[in-house]
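Take a look at the structure set out below.
Computed from the coordinates by the stated procedures, all read-outs in this text should not be read as laboratory data. Bear in mind the structure is a predicted one, so any value in this text is a computation, not a measurement. Reconstructed Cβ throughout: ideal geometry from the backbone, glycine too, with neighbour counts over all protein chains shown.
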Amino acid sequence: MIEILLCVAYEHEPWLVLLSALICFAGSAAIMQLLDRGRAMDAWLQRFAWNFLASVAAGATIWCTHFVAMLAYQIGVPFTFDPVQTTVSLLVAIIGANIGFNLAFSPIGRVAPLLGGVVVGLAISAMHYVGMNAYRIDGIVEWNRGYVVASVLCAVLFSAGARFILDRETMKYRRVAFVALFGISVVSLHFIGMTAMTIQPLALSDGIPPETMLAMALVTAALGLLIIAAGVCAFLIDDRVRLESFEKMREMAMTDGLTGLPNRFRIREELDHQIALAEATGSGLAFIAIDLDRFKEINDTHGHKAGDTVLATLGQRVAETLDAGEFIARVGGDEFAAIKRYENRAGLTDMLERLESALQAPIELDMGRVGVGASFGIATYPEDAETPDALTNNADLAMYRAKSDTTRTTCFYDPAMDEAIRERRELAADLREALERDCFELHYQLQKEIGSGDVRGYEALLRWTHPERGAIPPGLFIPVAEENGLILQLGEWVLRRACHEVSQWTNPWKVAVNVSPLQLADVELPKLIQQILLESGLSPSRLEIELTETAIMNDRARALHVLRQIKALGVGVALDDFGTGYSSLETLRAFPFDKIKLDGSFMADVEKSPQALAIIRSVLALGKSLSIPVLAEGIERHSQLTILRREGCDEVQGYLLGRPGPMPDLGPESGAGLDVFPVQLSPDSRRAG
Ligand code: C2E
Ligand code: MG
Ligand code: MG
């Protein structure tokens, strides 16, 4: 070690040594940037190109460091350089480094980085010793093998270490460590290599004059630094281009292509920013959800091209109405959203008026004028919500209210009114998920003939156990499913499940399945029922559908047409909840129902209420005259049963006979035969009642 230091201190010109070290470490820094960029490339060609630049920079660094350090070597003996071998040594450095770098990044396995680092270390060594061969000196040169081996080992070890560091992304001083290790591998090789050499001077010729040597040192250093700088420039230019294209892509990703307005991602970003500003300045902030009113109509009647023109025109118009501090974006098909930061409410009202008139003014299309209009929902920060998500949600809720209200186009968020909508929306989302995950079940409730006490069948009733809220009554979730069309899927599931389960029963009892008005409006329903009957093997006579009058009233002609087709299959049709709705005689006349189900609400106080009894009597009389059997629902007490028997009711259903429960065990001794006729109470019904 001391010998190496003595060699550097006494046999070299100090400032030239410093110059060579400067070239070496500056070059190492450039090599690192170029290698890093190459590593990040997926395409092999790009990786190869960056590796090539890195190899040229590495070759120049190694060669210039060596050459300047050789010029710094001054032992008073004349020397010259063989030009061909000196050039070859440069090529050795470039080609060797290139092989090493490509090997280091090749997909040959985990040894690739180590192998690559070793090859680069060998390239540094090869360059040095080929360069030394080009060094012609007047004297006898002797080599110390130990130092030669040590120099090569150092080059290889430090170079492999540098390559190892390159992959340590999370390391704090990764770059500094790489530059240090790579630089040390070049410098240590050179100076240990120089220590390995001893010269016995002969002084036969003049060698290179000192001024020429100085000029050569400076020119070499300048050339080396130039090459390194060229590599760094390539890196910087690429960095700039990448930044610009990234900005361009970001801009595109944040803009709506059709209207040129910012899109939902951009407004979300802006909302975060505006909330921070409002918080800092104490100003008011409003988020405005906007939904176009007649856009779908225009799209359907005039086509998508007209729809696009309408959106583009409206987008341009609203953009033109904006003042400073206002922001608008297109967030969906016909949905826009705006942000307004204001000092007083008048500013917000003013913006709303401008937006409203921009969206209401008619638009000239090729096929004529169209008027669109919009509904606005507004939520303010921090009064209505404090987070961006809650603010947009609440504005949406207010907008839905504005949309369903024919008297207003603008609604401010009102927790009392909008929370119910939120709950329904959440329930709808949960329902959709429950359908996908098959989280429903059917319960069955007994229906019996009142005279004989014989079982007529069971009504299938849908049950949903919510993962967090527990059992949710169908009275709550069926209307939600009807609101968003989910009932079609759900109804099909009920029909299929009921038919399959009932087909397994050993007794030939019927099953009654509730059918929603929306299902009845579907002309495909008879086909679906037929297909399910075929699939399940259930005889059509064992299936009965239950529907309410509302199902028929919506579109009478279509409903009756569908009902006739269902009846033609041999399936029974019962009119459910009779007495609560229209209770129209016309409905009973228009279609030959197989059963009238008298609503359970009449049973509640039948013992005490002469009016309830009068209604029951008249419905029973109606049934008799039309020859349609009547089933009374909601029988909970024996007294009710006694009255119904006396009045001549045909069938009964209610907690007294049995609560709805999972698929009954229908053996001959089963609970289906529970005999509450004529008087005694079963343990089950005693609990129920
Ligand atoms: P619904 O068709 O009139 O069914 C009878 C309802 O009365 C059932 O309520 C049943 O549990 C209840 N009930 C039966 N006996 C008694 C009694 O003695 N006392 C009292 N208080 N109630 C009794 P549930 O199961 O909660 O269903 C409510 C409504 O939800 C059904 O009224 C029906 O309109 C609808 N629904 C249930 N399942 C389905 C289905 O699968 N599809 C469709 N579209 N609607 C269904
Ligand atoms: Mg029913
Ligand atoms: Mg009913």
Among beta bridges that DSSP assigns inside the chain, antiparallel share in %, nearest 5: 70 percent
5 angstrom amide H check on VAL630, placed H, neighbours 5+ away: ILE596, ASP650, GLU651
Region 264-413 - percent relative contact order, Cα under 8 Å, separation 6 or more: 29 percent
Selected from PRO629, LEU18, GLY161, residue furthest toward positive end of dipole (the chain; charges at beta carbon): GLY161
Label point distance in nm, THR407-GLU433, each placed 7 Å from Cα along Cα→Cβ: 3.8 nm
Shape of the chain, Cα gyration tensor, a/c cut at 1.5: prolate
For TRP509, distant residues with modelled amide H under 5 Å away: none
ARG469-LYS624 pseudo-label distance in nm [points 7 Å out on the Cα-to-Cβ vector]: 4.6 nm
For region 346-488, alpha-carbon Rg and Dmax in angstrom: 22.8, 77
Phi-based couplings in Hz for region 643-648 (Karplus 6.51, -1.76, 1.60; Gly and Pro marked x): 4, 5, 5, 5, 7, x
Pair TYR10, GLU386: separation of 7 Å Cα→Cβ label points (nm): 7.8 nm
Vicinal HN-Hα couplings computed from phi for region 313-322 (Karplus, 6.51 cos²θ - 1.76 cosθ + 1.60; Hz; Gly/Pro x): 4, 5, x, 5, 4, 5, 4, 6, 7, 5
In Hz, Karplus ³J(HN,Hα) per residue of region 242-258 (6.51, -1.76, 1.60; θ = phi - 60°; x = Gly, Pro): 5, 4, 5, 5, 5, 4, 5, 5, 5, 4, 5, 5, 9, 10, 7, x, 6
Computed helical MRE - 222 nm, the chain, DSSP H runs ≥ 4 contributing -39500 (n - 2.57), nearest 500: -19500 deg cm²/dmol
Residue-count net charge about MET32 - beta-carbon cut-off 11 Å; Lys, Arg +1, Asp, Glu -1: +4
For HIS466, distant residues with modelled amide H under 5 Å away: ALA471, ILE472
Mean Cβ neighbour count within 10 Å, used as a protection proxy, ranking 453-463, 51-61, 13-23, 72-82 highest first: 51-61, 453-463, 13-23, 72-82
Cα gyration tensor category, rounded, prolate or oblate, for region 2-244 with a/c compared to 1.5: prolate
Cβ-based exposure ranking for PHE246, PHE602, in which fewest neighbours within 10 Å come first: PHE246, PHE602
Lysine pairs meeting the criterion (Cα under 27 Å, 8 or more apart or interchain), as found in the chain: 27
Region 264-413 shape via C-alpha gyration tensor axes, a/c threshold 1.5: prolate
Nearest-ten-degree value, helix 14-40 long axis tilted from longest Cα axis of the chain: 20 degrees
